[in-house]
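Here the structure is laid out as structure tokens; the discussion comes afterwards.
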Amino acid sequence: MSLNMGKRAILKKTAQAGSATFVSRILGIVREFLFVRFLGVSALSDAFLVAFKIPMFLRKIFAEGALSAAAVPMFVKKIKEGKRDEANGLMTTSFLFFEGLVFILCLCVFFFTQSVIKIVAPGFSAEQISYAVPFLQILFPLIFFISSSALLAAALQAVNHFFVPAFAPALLNISIISTLLFCFKFNLDPYWLCFGALFGGLLIFLSHIIVYFGYNFKFGTISSQAYQDFKFILRKFVFCLVGIGIVEINLFIDTIIGSYLPEGSVTLLHYGGRFMSIPLGIFAVSFSNVLLSHFSRISLYAPSRLKFYLLEVTKFTTFIIVPAVLFLFFTSEKIFSMIMFGKNIGPEKVFIAKWILIIYCMGLVFFALNKILLNIFYSLKDTFTPTIALGISTIVNLFGNIVGMYFWGIYGLPGSTVLSGIVLTFLNFYLLKTKYNITFYSANYFNFLGRFLIQILFVCGFALIAYFSFLNLFKESNWYLFFTVKWGYWLLVFAITVLSYLFIIMGRKIFGLKLYFLSK
């Protein structure tokens, strides 16, 4: 079986992973919809979300992010060289070390839970802390199942299997949604949500271990070679631990600073960031995960080719993400007034959540690019350089949060996250050029961007004309309310959006847009 991938294979694998992520994100919306109705926007919801964010943050940084970035290139090398026995031994060594470390971490969090909550949410009231402590004690072992799965996923990605790792969050959401429905039906307390999430983690682990053995991987002997390979991964992991996931780190900083704001603010920040992360997860995470293994192979036999890919992935990311940003801009108010909050939450909180989402979306292209740019460094087995860049951008975010909260309140927090994401993007481009001579062909990109923006303006103009013309047809009838404040609104908007996106894709040649990943 050939492990090399052309552009069609990359898109196919991205589509497979993206479809699984899409299912997960839809289930995530359902989950958040039920969360709001079960927990409200209150001290209780703030407490639960902070307790839930801690293992989820560690999942994205410690497990899926850092472990994958550190381990995938090594597993790719072993599989490419036909040394599967060494890969098996490396898995055993890594598994025992990392899961032993996670087990100790679980014990520490269990016995010092209140201190952890005070560190993560220093502005919480006594009431919020009293809610959060038992939540975290139940939820934190979730990281044990997910970090185990992340290690197994590194081996699966080395043989170009991305579906099960991408579908893992969907399993977690299914378990939580099922638990929420039981809570509604039997009037159960929120602690059951924690056990539902824990069960979802177990399902994720079982799915990974089954597929791992299905690809003829095993847990091998811990040899001296496995030990040497593990030391290499461990060195990379230490830097990856700091250097991965700018969005997750900065969103978590937003939560810490946001704990000083009035009750419910952490919840509103969570929901704003949640909807921003939908296109980020469906496209950027899936695309970057597929590219990590692909870039790891290119760096072994044709590293100069990375210059070409740097330009093309930047163009392709812009082409995919910008329309999604415009869609979220247009629908932001309806997302919260119709889907998330409904009549349960007042219009003032709908207004706040809407603008939090809009501000986050202003940095969406940069957030997406950063995930891919970081993987270029990791494919070159360099984890130190992006760590420096991330450290600078995180400092920008931290000071931006403090200053932004002082002048603009809650809106300053997403604003500083966007600023730090932009800073990180430019730092990554600069460091790739100066350290590896991987040049970004900016003239080619801005030529593409100018043509693309003309196309976007043209399409948006026709989309708005179609939208308001359609509404005008029903202005004097009862259907007008159906298409403006009821579910007919989404039927209309999605129909126009799909047609607009098809025109963007099919009409790209009219505007002279050349995209490697969409060319024949």
Residue within segment 281-291 that is over 21 Å from residue 516 (Cβ atoms) and of a type outside the set (Ser, Thr, Tyr) present: yes
Within segment 183-193, tally of residues that are buried (at least 22 other Cβ atoms within 10 Å of the Cβ) and of a type in the set (Lys, Arg): 0
Identity of the residue in segment 286-308, under 23 Å from residue 452 (Cα atoms) and surrounded by 20 or more Cβ atoms within 10 Å (Cβ to Cβ), that ends up modelled with the highest pLDDT: 287
Selection from segment 81-124 of residues that are exposed (fewer than 15 other Cβ atoms within 10 Å of the Cβ) and among the hydroxyl-bearing types (Ser, Thr, Tyr): 115
Condition met for residue 428 (touching a Pro at 6+ places or on another chain (Cβ under 8 Å) and without any contact (Cβ under 8 Å) to a residue 60 or more places away in the chain): yes
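Can you tell me which residue is surrounded by the fewest Cβ atoms within 10 Å (Cβ to Cβ) among those in segment 140-158 that are touching a Ser or Thr at 6+ places or on another chain (Cβ under 9 Å) and either acidic (Asp, Glu) or under 16 Å from residue 17 (Cβ atoms) (or both)?
Looking at residues that are touching a Ser or Thr at 6+ places or on another chain (Cβ under 9 Å) and either acidic (Asp, Glu) or under 16 Å from residue 17 (Cβ atoms) (or both), I get 157.
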Residue identified as without any contact (Cβ under 8 Å) to a residue 12 or more places away in the chain, part of a helix (DSSP H, G or I) and closer than 30 Å to residue 501 by Cβ among 452, 446: 446
Condition met for residue 433 (of a type in the set (D, E, K, R), under 24 Å from the mean Cα position of the chain (by Cα) and either part of a helix (DSSP H, G or I) or surrounded by 14 or more Cβ atoms within 10 Å (Cβ to Cβ) (or both)): no
Looking only at segment 487-511, and only at residues there that are outside any helix (DSSP H, G or I) and surrounded by 13 or more Cβ atoms within 10 Å (Cβ to Cβ), the one that is nearest to the chain's Cα centre (by Cα): 508
Filter result (small (Gly, Ala, Ser) and closer than 18 Å to residue 159 by Cα) within segment 83-106: 87, 89
Residue satisfying condition, being at pLDDT below 90 and crowded, with 22+ Cβ neighbours inside 10 Å, within set 393, 420, 337: 393
Answer residue from segment 127-145, given it is touching a Leu at 6+ places or on another chain (Cβ under 7 Å), part of a helix (DSSP H, G or I) and not aliphatic (A, V, I, L, M) and is modelled with the lowest pLDDT among those: 145
Test result for residue 181, in contact with a Pro (Cβ under 8 Å, 6 or more places away or on another chain) and farther than 21 Å from residue 106 by Cβ: no
Test: residue in segment 166-182 that is surrounded by fewer than 23 Cβ atoms within 10 Å (Cβ to Cβ), in the same structural domain as residue 78 (by TED's automatic domain parsing), within 25 Å of the chain's Cα centre (by Cα) and at pLDDT below 90: yes
Which numbered condition residue 371 misses (of (1) without any contact (Cβ under 8 Å) to a residue 24 or more places away in the chain; (2) among the basic types (Lys, Arg); (3) crowded, with 21+ Cβ neighbours inside 10 Å): (1)
Residue match in segment 224-236 (condition: over 20 Å from residue 33 (Cα atoms), part of a loop (DSSP other than H, G, I, E, B) and at pLDDT 85 or above): no
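Confirm whether residue 118 is closer than 30 Å to residue 228 by Cβ, free of Cβ contacts under 8 Å to residues at least 12 places away in the same chain and either in contact with a Gly (Cβ under 8 Å, 6 or more places away or on another chain) or basic (Lys, Arg) (or both).
Numbers: closer than 30 Å to residue 228 by Cβ: no; free of Cβ contacts under 8 Å to residues at least 12 places away in the same chain: yes; either in contact with a Gly (Cβ under 8 Å, 6 or more places away or on another chain) or basic (Lys, Arg) (or both): yes.
Taking the combined requirement at face value, the residue does not satisfy it.
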Residue within segment 133-143 that is of a type in the set (S, T, N, Q), under 26 Å from residue 176 (Cα atoms) and more than 23 Å from the chain's Cα centre (by Cα) present: yes
Flag for residue 75 being more than 17 Å from residue 296 (Cα to Cα) and modelled with pLDDT under 90: no
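The values are calculated or read from the model by the stated rules, or taken from the named source; none is laboratory data. This one's a predicted model, so the numbers in the text were calculated from it and none came from an experiment. Cβ: placed from backbone, ideal geometry, glycine included. Neighbour counts: every protein chain shown.
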